[in-house]
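A.B. asks: Before I ask anything, here is the structure I am working with.
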Amino acid sequence: MFAEPSEQAEGSLTVYVISEHSSLLPQDMMSYIGPKRMAVVRGIMHREAFNIIGRRVIQVAQAMSLTEDVLAAALADHLPEDKWSSDKRRPLKSSLGYEITFSLLNPDPKSHDVHWDIEGAVRSYVQPFLNALRAVGNFSVDSQILYYAVLGVNPRFDPASSSYYLAAHSLPHVINPVESRLGSSAASLYPVLNFLLYVPELAHSPLYIQDKDGAPVATNAFHSPRWGGIMVYNVDPKAYNGSELPVRVKVDMVRVMEVFLAQLRLLFGIAQPQVPPKCLFSGPKSEGIMSWELDRLLWARSVENLATATTTLTSLAQLLGKISNIVIKDDVASEVYRAVAAVQKAAEELASGHLASAFIASQEAVTSSECAFFDPSLLHLLYFPDDQKFAIYIPLFLPMAVPILLSLFKIFLETRKSWKKPEKID
């Protein structure tokens, strides 16, 4: 529809104002939000034209910029738990890297011979999205197939529909038994995202997921904050007609990846924007993320890193104030200076709109502050303060001190008697 500029500065937003009767927008639409850092607002011939157009521009800019909800989600770990709901704590914490694991669960291999083209799906759908997020961190993707892996909850049978279902209150109990079979997060240094495709066994087919109101979920999937998502993939009942077991099942990866990509966006805090009324919204292209959404994500991650670094440095300063005999090594001091300088640089880059460099500086601030706080020379002071020294050494020295004190007391009494003893006069 619009010839959008190919190169636009990060953190910027270009708003075009068109005439009231322009055909670039449908007549019933007052604004347009594109996948790039560009928006269009329809003008109006009115004596209050500047005020009306200004309000429309502000509405569009607010929808495409850092909002209060995004900022609250980024700072959720640094705020009281009762201040924000659990939905605000859904996004992943900022990290240097992330590991994504796609798992196919086939609990009934005797009935289902499941095939999925996970390599092609990752190459066509997931990798473009991760390439767009390369500024946020490093990503590694792997896949696995688990046989005889069942859910930890027994589905309930619905006689009305002759199907099985998982109620919303039972979904949290599904993850723990399955997670023990995954084994991906045990040796990982980075957060792990698990995406599970579950093909229900023949005895519990078809299987549907219900929401809190008891209605079937359209995607037949659910996700857990900071963990991943699970999708139930039912086999077409026609596949069992005249076919011997196991039935060959070819997974529709387009439908599966649409669900997993939507869950991946939510886990990274990329939610659908609150567009103003009568606004034509253009969704993301093949990358799965819009340019201004990436800017907003870098903003949120930078603010989160700054909050984490300042909290760590504040805790370190409080620790130094409580322990009087602490000795700071030169390498620890250099990490503290480096963290403070990185915090200042990140704040300056954010103020200038240089989001990528601000995010890199904020990551350096977090790394340096945590290296200083968790330095081995400080850990023993953290877990072995002065008050615990008395608690440890008093039981050791008290048995030896008792006879010594008694001997000193006895010597004192003898000396005192000798002073009072009268001298004999011949």
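The values are calculated or read from the model by the stated rules, or taken from the named source; none is laboratory data. Only a predicted model underlies this, so the values are computations on that prediction, with no experimental measurement involved. Glycine also receives a Cβ, built like all others from the backbone with ideal geometry; neighbour counts cover every protein chain displayed. Keep in mind that these areas ignore ligands, DNA and RNA; they rest on the heavy atoms of the full protein, side chains included. Shrake-Rupley method; radii C 1.70, N 1.55, O 1.52, S 1.80 Å.
A.B. asks: I'm checking my understanding of the structure. Among residues of region 329-348 that are open to solvent by 30 Å² or more (accessible area, probe 1.4 Å) and touching a residue at least 40 places away in the same chain (Cβ under 8 Å), which one is nearest to Arg265 (Cα to Cα)?
C.D. replies: Ala347
A.B. asks: Here is a follow-up. Take the residues in region 229-250 that are small (Gly, Ala, Ser) and over 26 Å from Pro177 (Cβ atoms), then tell me which one is surrounded by the most Cβ atoms within 10 Å (Cβ to Cβ).
C.D. replies: So the residue we want is Ala239.
A.B. asks: Continuing with the same structure: Can you run down the residue pairs with Cβ atoms below 8 Å, 6 or more apart or on separate chains, where the first is in region 107-129 and in contact (Cβ under 8 Å) with a residue 60 or more places away in the chain and β-branched (Val, Ile, Thr) and the partner is in a loop (DSSP other than H, G, I, E, B) and open to solvent by less than 60 Å² (accessible area, probe 1.4 Å)?
C.D. replies: Going by the 8 Å Cβ cut-off, the qualifying pairs are Val114/Val199; Val114/Val251.
For every residue, the table says whether it meets (1) in a loop (DSSP other than H, G, I, E, B); (2) within 15 Å of the chain's Cα centre (by Cα); (3) surrounded by 18 or more Cβ atoms within 10 Å (Cβ to Cβ); (4) among the polar types (S, T, N, Q).
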{"position": "Val259", "(1), (2), (3), (4)": "no, no, yes, no"}
{"position": "Leu264", "(1), (2), (3), (4)": "no, yes, yes, no"}
{"position": "Ile270", "(1), (2), (3), (4)": "yes, yes, yes, no"}
{"position": "Pro273", "(1), (2), (3), (4)": "yes, no, yes, no"}
{"position": "Pro276", "(1), (2), (3), (4)": "yes, no, yes, no"}
{"position": "Ser286", "(1), (2), (3), (4)": "yes, no, no, yes"}
{"position": "Glu293", "(1), (2), (3), (4)": "no, no, yes, no"}
{"position": "Leu297", "(1), (2), (3), (4)": "no, yes, yes, no"}
{"position": "Arg301", "(1), (2), (3), (4)": "no, yes, yes, no"}
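A.B. asks: Which one of these does Asp87 not meet: (1) closer than 23 Å to Leu280 by Cα; (2) modelled with pLDDT under 85?
C.D. replies: Unmet condition: (1).
A.B. asks: Then there is this: What about Ala39, is it open to solvent by less than 30 Å² (accessible area, probe 1.4 Å), in contact with a helix residue (DSSP H, G or I) (Cβ under 7 Å, 6 or more places away or on another chain) and modelled with pLDDT under 80?
C.D. replies: Working: open to solvent by less than 30 Å² (accessible area, probe 1.4 Å): yes; in contact with a helix residue (DSSP H, G or I) (Cβ under 7 Å, 6 or more places away or on another chain): yes; modelled with pLDDT under 80: no.
No: the conditions fail for Ala39.
A.B. asks: Moving on. Test Arg55 against the criterion of being open to solvent by 50 Å² or more (accessible area, probe 1.4 Å), at pLDDT 85 or above and either part of a helix (DSSP H, G or I) or farther than 30 Å from Ala132 by Cβ (or both), and give yes or no.
C.D. replies: Numbers: open to solvent by 50 Å² or more (accessible area, probe 1.4 Å): yes; at pLDDT 85 or above: yes; either part of a helix (DSSP H, G or I) or farther than 30 Å from Ala132 by Cβ (or both): yes.
Answer is yes for this residue.
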